[in-house]
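Read-outs: derived from the displayed coordinates by stated rules, not from any lab. Nothing here was measured: the structure is a model prediction, and the numbers come from that model. Please note: Cβ atoms are built from the backbone with ideal geometry, for glycine as well, and neighbour counts cover all protein chains shown.
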């Protein structure tokens, strides 16, 4: 009987002491769930609008609009962001002409690895990297952990291109770039060897790698 009461007491102590951490545990769990219509997210240290959009496969522009953010779109730890509606919904039925893309390495490189949603090219360090189409630079530098020196460009019709692990970068956030413009040099920042890890997104969602083969 004494052993039983001791066990119950220990359980009660553990429950009581864990209550103070319950809210943070619940929020951490919520942050890893996929977005639902009424989801919110609590900003963590090091987050940016673009890193949150990448992690949740959201359209960053709609994320900005939903939360009434103003340039330069600075967010703060513990700030609550609304994710509802951030997944792009293209209600218009307008027909767009097919886009002719420029190869990110000029078309002379060979694809080394095809990941689920990434094209990975192995080329010598310093090889020029080109913008696949005209657009506006929204990320330039080591702003998002895991991507090294990253260039991210917003293109027409909801497209977003990512160029990860660059060495030198020749564009800054806010710059307008033309199709085929040299934006960076291939490097190995946060990578085991010199590479270009490239991704194309449409309305916040990555385009599968096998479909990217037909783009260039």
Histogram of C-alpha separations across region 111-212, 10 Å bin width, %: 18, 53, 29, 1
Ranked packing of 163-175, 127-139, most packed first, by mean Cβ within 10 Å: 127-139, 163-175
Neighbour-count ranking [beta-carbon atoms within 10 angstrom, fewest first] of 159, 73: 73, 159
Additional length obtainable on full extension of the chain from residue 103 to residue 134, 0.36 nm per residue less Cα span: 9.9 nm
Spin-label model distance (nm) - residue 65 vs residue 115, 7 Å beyond Cα toward Cβ: 3.0
Simple spin-label estimate for residue 122 and residue 48 in nanometres, 7 Å along Cα-Cβ: 3.0
